[in-house]
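The values are calculated or read from the model by the stated rules, or taken from the named source; none is laboratory data. What you see is a predicted model; the values in this text were computed from it and never measured. Glycine gets a Cβ as well: all are built from the backbone with ideal geometry, and neighbour counts include every protein chain shown. Just so you know, the surface numbers come from the protein's heavy atoms only, side chains and all, with ligands and any DNA or RNA stripped out. Shrake-Rupley method; radii C 1.70, N 1.55, O 1.52, S 1.80 Å.
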Amino acid sequence: MDENETVRLRLDIAYDGTDFSGWAAQPTRRTVQGELESALAKVLRLSKASVTCAGRTDAGVHARGQVAQLDVPRATWDSEGERVLRRLAGVLPKDVRVNDVRLAPPGFDARFSPLFRRYVYRVGDAPHGVDPLRRRDVLWHRSPLDVGRMNEAAARLVGEHDFAAFCKKREGATTIRELLRLEWVREEEHLLAGTIQADAFCHNMVRALVGALLAVGDGRQRVDWPERVLGAAVRDSSVHVVGPQGLSLEEVRYPPDEELAERAALTRRVREPSRKGHRA
C-alpha cells in the first residue's frame, strides 16, 4: 500500500446554527467548520483536518442536509473508519452532528458537484407570536400572510435570472442563478414553510427573496413587485433581508456517481473565478 495514498470522505451533517457564527472557520469565533475540523482531527488522529462543504451558511442558519468532504490517508480510514461516527458523537457539541461518513465515489466534489441546494424558511404569523419551543427555527411575522399572493409572486421569479437585486454583490462573483423552485405552504394554521431550490445561491439571496415575498403576503407590496425588482438587476434597498433563524439547508442533491466529475467541471467553468461559494 502506498503510504501517501489518500481517499475522499463524504460527510452528511446537521446543526442548529443559533450559537454559531456561520459555517466558515474564523480565528476568534465559534463556527461549524471549526468544531468539525477539531473533532475530526481528534477522532482520526490527524494533525489537521480540512473540510469543504456544499454551501457555507451564515450565522444563525441551520442545516439538516449539509454535505462536506475530507481527504485523509487511506491507512487512517482503513484503521479508524468503522469507529468514526460513534467517536464523533462523543466529541462534537450537541448542536452539530455528523449523521453519516463514508468513502466518496470518484469525481465527488462537495462544493462543485451538486445539481441543486434546497432550503426551507419557516415563518409564524400567529398574533401571539411563535411557539417558544420553535423560537430557534421559526421567524415571527406580525401580520397575517396570504399564501396565495406569495406563491403568485414567487412563480414569476422561477428560472434563470440575474438575481443582483436580491444579492449582496461580491467582487468578481456572478449573480446569475437558476431558481428551480420557490413555493409556500401552510404546515400548520399559523406556520408557513417556503421551499427555495436553486443550482446555487449568492450571498443573502434566500433571505432577501423571503423578505420580498413576506411584503407581498401581508399586503405591503403588489404581487408583481418582486418581479419588477428582479428586472432592475441592481441591489434594491427596499428589499428587507429577514433574520437567519427561520432558514435551514435541507438537501444537497448530487447526480449519479458516473456524472459527478462532469458536473463539477461544468460548475467550475461557470463559478470558480469568484472562489466564494454560495451563502444564504
Every residue from the range 240-264 that is in a loop (DSSP other than H, G, I, E, B) and buried (at least 19 other Cβ atoms within 10 Å of the Cβ): 242, 244, 245, 246, 254
Checklist (1) modelled with pLDDT of 95 or more; (2) open to solvent by 40 Å² or more (accessible area, probe 1.4 Å) applied to residue 162, failing item: (1)
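Please work out which residue is most open to solvent (accessible area, probe 1.4 Å), limiting yourself to the range 35-58 and to residues that are part of a helix (DSSP H, G or I) and out of contact with any strand residue (DSSP E or B) (no Cβ under 9 Å at 6 or more places or on another chain). Write out each step before concluding.
Step one: of the range 35-58, the residues part of a helix (DSSP H, G or I) are 35-43.
Going one step further and asking which of them are out of contact with any strand residue (DSSP E or B) (no Cβ under 9 Å at 6 or more places or on another chain), we end up with 38, 41-43.
On the way: 38: 77, 41: 17, 42: 135, 43: 3 Å².
Per the stated criteria, the residue is 42.
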Close pairs (9 angstrom Cβ cut-off, 6 or more residues apart or separate chains): closer than 19 Å to residue 247 by Cβ in the range 109-127, among the hydroxyl-bearing types (Ser, Thr, Tyr) and buried (at least 19 other Cβ atoms within 10 Å of the Cβ) anywhere: 114/254; 119/248; 120/248; 121/248; 122/248
Tally, over the range 121-144, of residues that are out of contact with any Lys or Arg (no Cβ under 9 Å at 6 or more places or on another chain) and not charged (D, E, K, R): 9
Members of the range 77-88 found to be at pLDDT 95 or above and surrounded by 14 or more Cβ atoms within 10 Å (Cβ to Cβ), listed by number: 77, 84, 85, 87, 88
The range 168-196 - residue that is outside any strand (DSSP E or B) and farther than 20 Å from residue 139 by Cβ and, of those, most open to solvent (accessible area, probe 1.4 Å): 171
Residue that is farthest from the chain's Cα centre (by Cα) [pool: residues in the range 197-213 that are over 18 Å from residue 113 (Cα atoms) and surrounded by fewer than 24 Cβ atoms within 10 Å (Cβ to Cβ)]: 211
Conditions (1) closer than 30 Å to residue 6 by Cα; (2) surrounded by 14 or more Cβ atoms within 10 Å (Cβ to Cβ); number of the one not met by residue 106: (2)
Residue count for the range 184-216, restricted to those that are touching a strand residue (DSSP E or B) at 6+ places or on another chain (Cβ under 6 Å) and over 15 Å from residue 249 (Cβ atoms): 7
Count - residues of the range 136-171 that are within 22 Å of the chain's Cα centre (by Cα) and of a type in the set (Asp, Glu): 4
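Listed residues 92, 133, 70; which is within 19 Å of residue 19 (Cβ to Cβ), modelled with pLDDT of 95 or more and in contact with a strand residue (DSSP E or B) (Cβ under 9 Å, 6 or more places away or on another chain)?
92
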Residues of the range 1-34 classified as part of a loop (DSSP other than H, G, I, E, B), among the hydrophobic types (A, V, I, L, M, F, W, C) and either free of Cβ contacts under 8 Å to residues at least 12 places away in the same chain or open to solvent by less than 60 Å² (accessible area, probe 1.4 Å) (or both), total: 4
